[in-house]
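The values are calculated or read from the model by the stated rules, or taken from the named source; none is laboratory data. No experiment lies behind these values; they were computed from the predicted model shown. Heads up, the Cβs are rebuilt from the backbone with ideal geometry, glycines too, and the neighbour counts pull from every protein chain shown.
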Amino acid sequence: HYYMKEVYVFIPEPGNRKAMLAVSALARAMEETKRVAILRCVWKQGQANVVIGVLTPNISASPNLVRSIAYLVA
């Protein structure tokens with residue numbers, strides 16, 4: 001993360017059980033398979049710059065914390 005410009009964290013919408021299960025399943029699968037995802041993103045319509053980044057799982061040892069996915073912008 002030292003070589004990245006910005007870090008965003010994607011968390012599920014509070015109270016949305018389907019979103020919680022989806023984000024949790026993706027983060028857990030990425031962690032178990034030791035994989036990350038390379039992402040190409042355009043934040044706004046008409047924006048000229050395309051941003052390249054990496055999605056990494058963010059899993060806490062505490063069962064009370066929501067699993068999330070970090071987006072590291074290159």
Scan segment 34-47 and give yes if some residue there is touching a strand residue (DSSP E or B) at 6+ places or on another chain (Cβ under 7 Å), modelled with pLDDT of 85 or more, part of a strand (DSSP E or B) and surrounded by 10 or more Cβ atoms within 10 Å (Cβ to Cβ), otherwise no. yes
Being touching a Lys or Arg at 6+ places or on another chain (Cβ under 9 Å) and in a strand (DSSP E or B) is the filter here, so list the residues in segment 57-74 that pass it. P57, N58, L72, V73
Within segment 48-74, residues among the hydroxyl-bearing types (S, T, Y) and surrounded by 14 or more Cβ atoms within 10 Å (Cβ to Cβ) come out as T56, S68, Y71
Of all residues in segment 1-33, count the ones that are farther than 21 Å from S62 by Cβ, modelled with pLDDT of 90 or more and not in a loop (DSSP other than H, G, I, E, B). 1
Name every residue in segment 28-56 that is under 14 Å from Y8 (Cβ atoms) and within 12 Å of the chain's Cα centre (by Cα), in order of residue number. A37, L39, G53, V54, L55, T56
